[in-house]
């Protein structure tokens, strides 16, 4: 018998896993990183999704069962686990492969080869380094940065003034089992930090430091940032750039899913909307 006048509303069942970043990889931003991903989860719940949260330490293919994932995983072990989970998942934002692309030795190669303005850099093996690349800097100070994950300690990104300092820094990296380092030219100018969400028309920047505050083309900065994210495979990202005294823009770093601290409330809503839309596209 068919009942007339009764219409059942179809419930949309969207199940997602959210993965928090291990605190070791949130230097000086533990609370801010925790807040952005938790607020994103809350916004997804408001949109009608069911969200289960996990910590980076405990994830595995046997633990994370949800087909759709949003993740702030960043540590090497966590990224390798996420790669395996991603093989059986339908969508991961940001993907493990995109996060791995942000490891400095990968990012240096990818952005340099893409034609995006990026500092002159050399990738060196900390076990067999023999000073050759330092000659390029011709006695000028330069940066030495760990080549794998983003900085965990303040010493992971250090300004070196001569060969002796450089050798000591690289030897210390090797002692800490950091196999690769990036030697990078030091650029004169203002440093600006930016946050962005691809496909959501969200881009925010501010001066991190600098004495010039030289005018520059903000649209060009946005375009360089978005091009960088596309090359690396990121959707939720941030980064840093140097603005020269002449107004030239150089990208110096890209980060997978930063804290968005100054704009958290706006960003978490847009990140949730992006994830929700991407998941619905799979239906």
Requested in this report: Restricting attention to strands (runs of 3 or more DSSP E) lying wholly within the range 4-84, give those where 3 or more residues are under 19 Å from residue 237 (Cβ atoms) and at pLDDT below 95.
Outcome: none
Report task. Inspect the range 186-196 for any residue being loosely packed, with under 14 Cβ neighbours inside 10 Å, farther than 30 Å from residue 162 by Cα and at pLDDT 95 or above and give the result as yes or no. Result -> no
Query raised in the report: Residues 195, 129: which one is touching a helix residue (DSSP H, G or I) at 6+ places or on another chain (Cβ under 7 Å), in contact (Cβ under 8 Å) with a residue 60 or more places away in the chain and not assigned by TED's automatic domain parsing to the domain that holds residue 270?
Result: 195
Requested in this report: Filter the strands (runs of 3 or more DSSP E) completely within the range 100-200 down to those with at least 1 residues that are more than 29 Å from residue 245 (Cα to Cα).
Outcome: 121-125, 180-185
Requested in this report: Please find, within the range 68-86, the residue that is surrounded by the most Cβ atoms within 10 Å (Cβ to Cβ) out of those that are in contact (Cβ under 8 Å) with a residue 60 or more places away in the chain and over 17 Å from residue 34 (Cα atoms).
Outcome: 82
**Report entry** Residue that is surrounded by fewer than 20 Cβ atoms within 10 Å (Cβ to Cβ), touching a strand residue (DSSP E or B) at 6+ places or on another chain (Cβ under 9 Å) and in contact (Cβ under 8 Å) with a residue 24 or more places away in the chain, where the choices are 140, 145
**Finding:** 140
Query raised in the report: In the range 220-235, is there at least one residue being crowded, with 20+ Cβ neighbours inside 10 Å, assigned to a loop (DSSP other than H, G, I, E, B) and under 18 Å from the mean Cα position of the chain (by Cα)?
Result: yes
Report summary line: If we keep only residues of the range 250-269 that are in contact with a helix residue (DSSP H, G or I) (Cβ under 9 Å, 6 or more places away or on another chain) and assigned to a helix (DSSP H, G or I), then the residue surrounded by the most Cβ atoms within 10 Å (Cβ to Cβ) is 267
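The values are calculated or read from the model by the stated rules, or taken from the named source; none is laboratory data. All of these numbers come straight from a predicted model, not from anything done at the bench. Cβ atoms come from the backbone with ideal geometry, glycine included; neighbour counts cover every protein chain shown.
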